[in-house]
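The values are calculated or read from the model by the stated rules, or taken from the named source; none is laboratory data. Being a predicted model, the structure only gives us computed values, none of them experimental. So basically every Cβ, Gly included, is an ideal-geometry build from the backbone, and we count neighbours across all protein chains shown. We work out accessible area using only protein heavy atoms, side chains counted, and drop any ligands, DNA or RNA first. Shrake-Rupley method; radii C 1.70, N 1.55, O 1.52, S 1.80 Å.
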Amino acid sequence: QVQLVESGGGLVLAGGSLRLSCAASGSGVSINRMGWYRQAPGKQRELVTSLTSGGTTNYADSVKGRFTISRSRDNNAKNMVYLQMNSLKPEDTAVYYCNAVRELGFLRYDYWGQGTQVTVSS
């Protein structure tokens, strides 16, 4: 099992920046990919960015050049993933969810955080 806890959301003016953090815990679990999704009111959840264990990144076209995903390990050896969001726009307003993926052969397991609200005002 993987537990994900996000932090760092909030209210920001257009053009501002926010940094989201996600702590992944789960002893003896190998995570293949971590990323961020978002869901705006009335819209489907969409992929924002992902980062594989090998370091490959993927970004939605709408956030390229503005958002950056990164990872580290904290002092307790938890996997940490961050989303640095710059030049924020009102259309970035959404609930942001941390996602972790484990791939075991043909099986895929997705884990989700509780979500953190990001609101960008114009």
query = What number, in percent, do you get for the relative contact order of the chain if the mean sequence gap of Cα pairs under 8 Å and at least 6 apart is divided by its residue count?
reply = 36 percent
note = Sorted on mean Cβ neighbours within 10 Å (highest first), peptides 57-64, 46-53, 93-100 come out as 93-100, 46-53, 57-64
request  = Using only the Cα atoms, work out Rg/Rh for region 19-122, with Rh taken as the Kirkwood radius, to two decimals.
outcome  = 0.97
remark   = The orientation-averaged projected area of the Cα convex hull of region 28-70, in nm², is 4.0 nm²
Protein accessible area in the chain, 1.4 Å probe - carbon and sulfur % = 48 percent
key: Per residue Cα convex hull volume in Å³ - calculated over region 1-62   = 124 Å³
